[in-house]
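Chemist: Below is a structure I'd like to ask you about.
The values are calculated or read from the model by the stated rules, or taken from the named source; none is laboratory data. Since the model is a prediction, treat every value here as computed from it, not as a measurement. FYI the Cβ positions are ideal-geometry reconstructions off the backbone, even for glycines, and counts take in every protein chain you see.
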């Protein structure tokens, strides 16, 4: 595996930032009334995808150089003007000026994420996918099926909530999205997405229906996306998960390794 230096971290952070940008653009097309906004700042991007959206954050700040007080002023004004607390995704390889500014202004950690990656072509995974699990690329006419399946998996319920469907919709309709469905015995069992930017892709949205868990569905979805990324000629893939979870273990078993832990900082 390559050494995780600033150049690699910058690619990982920008790939994630562009996932958020295209998510917000898709949300704007679906709901133009929500006042979606995207602005460049400090080498990164401030992204607002609507009230309560988990995608609301400033991504990529500090990975292209020093961050000025005016940059953080802009971030804070951007989010405060839209009625939400400013959030900044912090890469541990970002310029130290970012941490100094966040500390001086009273930002605190809100969430941690493990950022995992794999250069392509990928090595043979230690665990092969289950033979009875098939994975297909979700066609445009399967949008509702993909959203329903992934929502059911996330919520563990037969009837997904409107709120979860609303969050997931831009993941399917984003311009850089490739979405996949997993099948067991002809029944949909899970779904996942892949979001491409500048020769790299972020994996996300992995979800398995409760009845099909522990049957290799997530492994099959990971393998299918690795293969799809390689066929597209990409040279890097990444995924994010909460640290120390079964999700991280599954991702590592599929061939990705931990690059670093990112923290989201917020100022209330």
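Chemist: Given the options 175, 169, name the one that is touching a helix residue (DSSP H, G or I) at 6+ places or on another chain (Cβ under 9 Å), touching a residue at least 60 places away in the same chain (Cβ under 8 Å), in a loop (DSSP other than H, G, I, E, B) and outside the structural domain of residue 49 (by TED's automatic domain parsing).
Modeler: Matching residue, one of 175, 169: 175.
A quick yes/no check of all residues on (1) crowded, with 21+ Cβ neighbours inside 10 Å; (2) more than 17 Å from the chain's Cα centre (by Cα); (3) within 17 Å of residue 171 (Cβ to Cβ):
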{"site": "191", "(1), (2), (3)": "yes, no, yes"}
{"site": "196", "(1), (2), (3)": "yes, no, yes"}
{"site": "204", "(1), (2), (3)": "no, no, yes"}
{"site": "211", "(1), (2), (3)": "no, yes, no"}
{"site": "218", "(1), (2), (3)": "yes, no, yes"}
{"site": "221", "(1), (2), (3)": "yes, no, yes"}
{"site": "226", "(1), (2), (3)": "yes, no, no"}
{"site": "232", "(1), (2), (3)": "no, yes, no"}
{"site": "235", "(1), (2), (3)": "no, yes, no"}
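Chemist: Might you let me know whether segment 203-215 holds any residue that is in contact with a strand residue (DSSP E or B) (Cβ under 8 Å, 6 or more places away or on another chain), within 21 Å of residue 152 (Cα to Cα) and part of a loop (DSSP other than H, G, I, E, B)?
Modeler: Yes, some residue in segment 203-215 is in contact with a strand residue (DSSP E or B) (Cβ under 8 Å, 6 or more places away or on another chain), within 21 Å of residue 152 (Cα to Cα) and part of a loop (DSSP other than H, G, I, E, B).
Chemist: For the structure I just gave you, tell me whether residue 76 is more than 16 Å from the chain's Cα centre (by Cα) and outside the structural domain of residue 204 (by TED's automatic domain parsing).
Modeler: yes
Chemist: Follow-up. So which residues in segment 186-198 are outside any strand (DSSP E or B) and either in contact (Cβ under 8 Å) with a residue 40 or more places away in the chain or in contact with a helix residue (DSSP H, G or I) (Cβ under 6 Å, 6 or more places away or on another chain) (or both), if there are any at all?
Modeler: 198
A quick yes/no check of all residues on (1) modelled with pLDDT under 95; (2) outside any strand (DSSP E or B); (3) touching a helix residue (DSSP H, G or I) at 6+ places or on another chain (Cβ under 8 Å):
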residue	(1), (2), (3)
17	no, yes, no
24	no, yes, yes
27	no, yes, yes
40	no, no, no
47	no, no, yes
52	yes, yes, no
61	no, yes, yes
64	no, yes, yes
76	no, yes, no
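Chemist: Further question: List the number of the failed condition for residue 243; all other conditions in (1) touching a helix residue (DSSP H, G or I) at 6+ places or on another chain (Cβ under 9 Å); (2) outside any helix (DSSP H, G or I) hold.
Modeler: Going through (1) touching a helix residue (DSSP H, G or I) at 6+ places or on another chain (Cβ under 9 Å); (2) outside any helix (DSSP H, G or I) one by one, residue 243 breaks only (1).
Chemist: Hey, among 116, 168, which residue is under 21 Å from residue 212 (Cβ atoms) and at pLDDT 95 or above?
Modeler: Just a single option satisfies the conditions, and that option is 168.
Chemist: Being in contact with a strand residue (DSSP E or B) (Cβ under 6 Å, 6 or more places away or on another chain) and surrounded by fewer than 19 Cβ atoms within 10 Å (Cβ to Cβ) narrows it down to one of 46, 7, 37, 24, so name that one.
Modeler: 37
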